[in-house]
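Down below is the structure, laid out as structure tokens.
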Amino acid sequence: MTEDSSVVCKVQGTPRLPAFSKDGDYVIGGLFSIHYNMEAVKHNYTALPESLKCMGRLEPRELHFARAMIFTIEEINNSSKLLPGIRLGYEIHDACASVAMVVKIAFQLSNGLDPVFYAGDNCSLSGMMMAIIGESGSTPSISMSRAIGPFNIPQVSHFATCACLSNKQQFPSFFRTVPSDQFQAEALAKLVKQFGWTWIGAIRSDSDYGNNGMAAFLKVAHKEGICVEYSESFYRNHPRSRIQRVADVIRRSTATVIVAFAGYGELKLLMEELTIEPSPPRQWIGSEAWVTHPDMLRFTFCTGALGFGIPRSVIPGLRGFLLDLSTAKVAESPVLTEFWEDAFNCSLVKSAASNKRTCDGSEDIKKLQNAYTDTSELRVTNMVYKAVYAVAHAIHDVVCQEINSTTQCDKLTRTESKQIVAALKNINFSQNGYHVSFDANGDPVAMYELVNWQKSKSGSLEMVTVGYYDASLPEGQEFHIYQNLTWMEDRTQVPVSLCTDSCPPGTHKVLQKGKPICCYDCVPCPEAEISNTTDSLNCFLCPKEFWPNAERDTCLPKPVEFLSYNEVLGIILATFSVGGACLAVITGTVFYQHRTSPIVRANNSELSFLLLFSLTLCFLCSLTFIGVPSEWSCMLRHTAFGITFVLCISCVLGKTLVVLMAFKATLPGSNVMKWFGPPQQRMTVVSFTFIQVLICIIWLLLRPPFPMQNLTMYKDRIILECALGSVVGFWAVLGYIGLLAVFCFVLAVLARKLPDNFNEAKFITFSMLIFCAVWITFIPAYVSSPGKFTVAVEIFAILASSFGLILCIFAPKLFIILFKPKKNTKKHVMKKN
């Protein structure tokens, strides 16, 4: 304790010297993984453990980032607009990508470099950093944020992309200039979906970056219907056997596309393993951590690799600053010395133990080509540049103010880091054409370039920007490709990566038991169903009036079927119908011409002419059954058929009764013929016909026949037919005809053996026998006939019975009249049998 009772604070342990440092009014810390490995610390618990040391090959790219931070601070110090009169200092450390080293440096930056310091009553405020830039990896950044978060020290990372860092409850003072992996994961899933890949392999770093990034990707991919054949993780510190196992999985897999959400350090080891024993051609899809790393381009078997990268940029003056190194400047920094000696394979200090030549000053860094000197695509470098400027603007907002259009800054004002945190939340500026701001989670607006590995004219791989992804654009418009892509093995066609080939239209997907949803069988659609899209999950029924085509991918209107005049069957039936009518007319004409002849007079010429007229109508009414059914044709066909046939049978019945009555009249004392003369015959025909007319009228008034589409008889076509309306009416009409026919047949049978040549009973018997046989067989044939053949059967029955009547009753008489006129005499007619 001192006399003024101020507290004396001592730093525990040995402070780690920074790689680069410079005093200033406000100091900004920086952490970069200039080395990727750390020496193992031995613990014997008897002495203090050795200090943590970085080892392994120096990473020129991370050195490039560290020097870019120095360049940016120097640029700000030379600015007259930002922090005028204030000098920014820096303290940049090599974190060697180790959580242990990052935590140690974080606490060291929180305390300062002085081994003993005084701070009134709060040691933790003495020597505190205004902000820390870094770290490059997500896992180290998480550890550092947890360490410095309670002290409200802002951390602005240039390359830690884990979506978990957006959680402000856990990481309240964390900001970043690189987009969160949540955006990149969504972009990668949409990229995979856009090219139709549904069967992929997944590789990730076994770290916060890889695990969280892949988890976010898989969540979105699942929603997009993408299946993962395998998901493997590994870390660069794992034994080689673990990396070999992952390589073997890739070699044996069936997925052509591999999505790798991994850091450069991990994927480099995997690629080296695959170089020893190559796998079948694979299409690599990568995250920005490795797909834009220039050192990865040496793996030429990854031609066509596709991924998202941070947009390229231009930083004026940076290349000159990076190349402004001389042996004298290099010798002042152990890190630069190591870089120089590795780059030129020489030693700045002559040593007998070293086999390297001594650097003689002829080394020209301008001719050096590596990640340190490469400024052609300043992607992550621009994130460092923006991070430093963000901190500078936050400090400016806290310590500077505008007075009379002049910016005045007070560097003596006690500034606390929590003020810088508050200022960072509200910054909004543009520097060198690049906008910088943070949302409520400390994230910037997500913007990516789509990068494709293509072969140059020299045969080497180069990164070509072929599109972009802007998360600020409306849904569905974020993704845009404006240049041709190269795929694996330098192909120009998009590779296919499916567990099962797409199901063509006409089939639907049926999942294979125990396999992911992307593995399925393509099953043809059932009858009457279609699918008109590729990879349809279900088939859909066609409307009733439609039927699938042969491929079952389109519903076509069902063909309409009816008995038409244009088809052979319709033509034949119509010909017989017209022919029968002509035969009846010809017969009537011949009978009329010979109406005075004995054979015509002896056979009741009046009923004969009426019978021929009714037969003509019977033949012609069959024509109403042919053609498209309409409302009038449906009502006409059945009623006309019923009435004309009753008229016909009534005439035949009248003729039969005449025969019977004529022989009754020859008996002694019989005067029966006076009760069955011509008026009574006409009355009999009219009465029987009137009953049928009455039945038809009642049928038409109550439930008449009507046209309809029969969709049930056949599945693949529509039958146009006439519905009966009232089935009772139809069978009443048909039954009445049958009743008269049977009655007529019985009477004809009774009279068939009566003597004399003029007896027609035997001819009527044959005609009625044919008539009854036709209509008895008609009933089962009518019921069982399908479609238009139902109508054909009905027409056939009409024609067959009509031809039976005209041939049996009139053909014998016609034959005598025309060919045997000698028999057409009264003597022959009156001759006894």
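The values are calculated or read from the model by the stated rules, or taken from the named source; none is laboratory data. This is a predicted model, so every value here is computed, not measured. Note that we place each Cβ from the backbone using ideal geometry, even for glycine, and neighbour counts take in every protein chain shown.
Which condition number does PRO786 fail, the rest of (1) modelled with pLDDT of 75 or more; (2) more than 18 Å from GLY642 (Cα to Cα); (3) in a loop (DSSP other than H, G, I, E, B) being met? Here PRO786 clears every test but (1).
Considering every residue within the stretch 373-387, establish whether at least one is in a helix (DSSP H, G or I) and surrounded by fewer than 14 Cβ atoms within 10 Å (Cβ to Cβ). Even if it seems obvious, please write down each step before you answer.
Here is the first cut: in the stretch 373-387, the ones in a helix (DSSP H, G or I) are 380-387.
Now narrow it down to the ones that are surrounded by fewer than 14 Cβ atoms within 10 Å (Cβ to Cβ): none.
No, because not a single residue in the stretch 373-387 is in a helix (DSSP H, G or I) and surrounded by fewer than 14 Cβ atoms within 10 Å (Cβ to Cβ).
Residues in the stretch 392-411 that are surrounded by fewer than 12 Cβ atoms within 10 Å (Cβ to Cβ) and either among the polar types (S, T, N, Q) or outside the structural domain of PHE71 (by TED's automatic domain parsing) (or both): ASN404, SER405, THR406. Per the conditions (1) modelled with pLDDT of 90 or more; (2) assigned to a helix (DSSP H, G or I); (3) buried (at least 16 other Cβ atoms within 10 Å of the Cβ), the sole criterion not satisfied by TYR209 is (1). Applying the selection to the stretch 554-584, what residues are under 18 Å from ILE817 (Cα atoms) and in contact with a Ser or Thr (Cβ under 6 Å, 6 or more places away or on another chain)? ALA584, the sole residue that qualifies. Here the condition is being within 58 Å of the chain's Cα centre (by Cα) and not assigned by TED's automatic domain parsing to the domain that holds PHE32; of LYS366, LYS356, LYS386, it holds for LYS366 alone.
For the stretch 513-528, the set of residues classified as touching a residue at least 12 places away in the same chain (Cβ under 8 Å) and surrounded by fewer than 18 Cβ atoms within 10 Å (Cβ to Cβ) consists of LYS515, PRO516, ILE517, ASP521, CYS522, VAL523, PRO524, PRO526, GLU527, ALA528, listed by residue number. Out of the stretch 422-456, which residues are basic (Lys, Arg) and closer than 19 Å to ASP295 by Cα? Selection gives LYS455 alone. The set of residues from the stretch 459-483 being modelled with pLDDT under 90 and of a type in the set (S, T, N, Q) comprises SER460, SER472, GLN477, GLN483.
Count of the stretch 567-585 residues, restricted to those that are more than 10 Å from PHE619 (Cα to Cα) and of a type outside the set (A, V, I, L, M, F, W, C), is 3.
Selection of helices (runs of 4 or more DSSP H) fully inside the stretch 223-319 by the criterion of at least 1 residues being modelled with pLDDT under 95, basic (Lys, Arg) and surrounded by 18 or more Cβ atoms within 10 Å (Cβ to Cβ) returns 264-276.
In the set ILE798, ILE764, ILE770, which member is aliphatic (A, V, I, L, M), crowded, with 17+ Cβ neighbours inside 10 Å and modelled with pLDDT of 80 or more? Criteria check complete, one pass: ILE798.
On inspection, SER472 qualifies as surrounded by fewer than 18 Cβ atoms within 10 Å (Cβ to Cβ), assigned by TED's automatic domain parsing to the domain that holds LEU191 and outside any strand (DSSP E or B).
Restricting attention to the stretch 228-249, the residues that are in contact with a Leu (Cβ under 9 Å, 6 or more places away or on another chain) and either within 23 Å of LEU498 (Cα to Cα) or of a type in the set (Lys, Arg) (or both) total 6.
Restricting to the stretch 515-562, count the residues that are of a type outside the set (Gly, Ala, Ser), in a loop (DSSP other than H, G, I, E, B) and closer than 21 Å to ASP501 by Cα. Before the answer, list the steps.
Looking only at the stretch 515-562, we keep the residues that are of a type outside the set (Gly, Ala, Ser), and these are 515-527, 529-530, 532-535, 537-549, 551-562.
With the extra rule that they be in a loop (DSSP other than H, G, I, E, B), the set shrinks to 515-519, 525-527, 532-535, 537-539, 542-545, 549, 551-554, 558-559, 562.
Keeping just the survivors that are closer than 21 Å to ASP501 by Cα gives 515-519, 525-526, 532-535, 537-539, 551-553.
Here the count works out to 17.
Considering only residues in the stretch 709-756 that are surrounded by 15 or more Cβ atoms within 10 Å (Cβ to Cβ) and of a type in the set (Asp, Glu), the one that is modelled with the highest pLDDT turns out to be GLU721. Residues of the stretch 181-196 include none that is buried (at least 24 other Cβ atoms within 10 Å of the Cβ) and in a loop (DSSP other than H, G, I, E, B). Inspect all residues belonging to the stretch 490-499 and state whether any of them is surrounded by 14 or more Cβ atoms within 10 Å (Cβ to Cβ), at pLDDT below 90 and farther than 13 Å from THR534 by Cα. Yes, some residue in the stretch 490-499 is surrounded by 14 or more Cβ atoms within 10 Å (Cβ to Cβ), at pLDDT below 90 and farther than 13 Å from THR534 by Cα. Beta carbons closer than 7 Å, at least 6 apart along the sequence or on distinct chains, pair a first residue in the stretch 265-277 that is in the same structural domain as ARG251 (by TED's automatic domain parsing) with a second that is of a type in the set (Phe, Trp, Tyr) and assigned to a helix (DSSP H, G or I) for LEU267/TRP290. Would you mind stating whether ALA328 is within 30 Å of THR292 (Cα to Cα) and either part of a helix (DSSP H, G or I) or small (Gly, Ala, Ser) (or both)? Spelling it out, it is not the case that ALA328 is within 30 Å of THR292 (Cα to Cα) and either part of a helix (DSSP H, G or I) or small (Gly, Ala, Ser) (or both). Going through (1) part of a loop (DSSP other than H, G, I, E, B); (2) touching a residue at least 12 places away in the same chain (Cβ under 8 Å) one by one, GLN169 falls short only on (2).
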